[in-house]
Amino acid sequence: WPRDMIVENDSLKVLLPDVVQPNEGDPLMYGNREAVAVFSLPGLTLHSIEWMPWIGTLQYNTLCKADDGYTYAYAAREINQYESHAVVARFPTGQFSATTPWQFLTDTGWSYDYQNSKEIADVNLYSVVRMGPNHYVALFMTPLSNKIEVEYAQSPIGPWINRSIVGQIEEQADIMSYFALIHEETENNGTY
């Protein structure tokens with residue numbers, strides 16, 4: 001299940017969480033690995049899929065290039081079946097690969113150990129976009145909800161504030177929002 005992607009050095013690089021099926025007939029679930037897939041541009045020929053050795057139990061969903069020379073990666077730490085909280089990592093912009101170590105935000109600053117990652121939001125940030133200097137928006141969905149919401153921050157690590165509903169599906173039985181995304185490539189004159 002591919003996640004976010006970025007273009008670097010004439011290549012398309014895709015964040016790829018591992019998906020496993022423990023036994024035949026079991027549902028698919030996330031494994032405890034994450035990879036970077038590299039495709040050539042414009043032909044989209046697959047060059048490599050390499051596992052990142054420093055990522056374990058979290059699945060990173062979205063990437064955001066920031067003002068400070070870093071690209072930020074966001075994951076969800078599951079609290080229970082219906083609730084996840086966001087954590088964040090970073091790597092130097094232009095160096096997205098399985099060999100570039102990530103730093104993880106902890107209570108004491110940035111660390112190369114993901115085990116002590118600090119929660120930065122009380123929701124799973126499905127997409128984070130830089131809208132301008134010191135202006136970020138994070139899109140998220142409350143599980144089993146018909147709402148798509150955003151929060152804003154002046155930094156890619158938050159604090160995330162001003163929760164607002166930006167989309168809502170009409171109330172219908174068995175209908176809910178799922179995996180809404182926002183991406184810098186979709187911007188058109190300030191509208192996403």
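For region 29-67, a residue qualifies if it is more than 22 Å from Asp10 (Cβ to Cβ), in contact (Cβ under 8 Å) with a residue 12 or more places away in the chain and open to solvent by 60 Å² or more (accessible area, probe 1.4 Å), and the qualifying residues are Tyr30, Asn32, Arg33, Trp51, Pro53, Thr57, Asp67. With respect to Val87, determine if the residue is in contact with a helix residue (DSSP H, G or I) (Cβ under 9 Å, 6 or more places away or on another chain) and open to solvent by less than 40 Å² (accessible area, probe 1.4 Å). So Val87 fits the description; yes.
Of the residues Arg77, Arg90, the single one that is under 19 Å from Tyr126 (Cβ atoms) and modelled with pLDDT of 95 or more is Arg90.
Looking at region 76-95 only, could you name the residues that are of a type outside the set (Lys, Arg) and closer than 13 Å to Ile157 by Cβ?
Within region 76-95, Ala86, Val87, Val88, Ala89 qualify.
Annotation: of all residues in region 18-28 being at pLDDT 85 or above and either under 19 Å from Trp102 (Cβ atoms) or charged (D, E, K, R) (or both), the one that is most open to solvent (accessible area, probe 1.4 Å) is Glu24. State yes or no: is Asp4 over 24 Å from Leu139 (Cβ atoms), charged (D, E, K, R) and open to solvent by less than 70 Å² (accessible area, probe 1.4 Å)? So Asp4 does not fit the description; no. When region 90-144 is filtered for residues that are among the β-branched types (Val, Ile, Thr), open to solvent by less than 70 Å² (accessible area, probe 1.4 Å) and touching a residue at least 40 places away in the same chain (Cβ under 8 Å), the ones remaining, listed by number, are Ile120, Val128, Val129, Val137.
The values are calculated or read from the model by the stated rules, or taken from the named source; none is laboratory data. This structure is a prediction, so every number in the text was calculated from the model and none was measured. Quick reminder, even Gly has a Cβ in these numbers, built from the backbone with ideal geometry, and neighbours come from all protein chains shown. Keep in mind that these areas ignore ligands, DNA and RNA; they rest on the heavy atoms of the full protein, side chains included. Shrake-Rupley method; radii C 1.70, N 1.55, O 1.52, S 1.80 Å.
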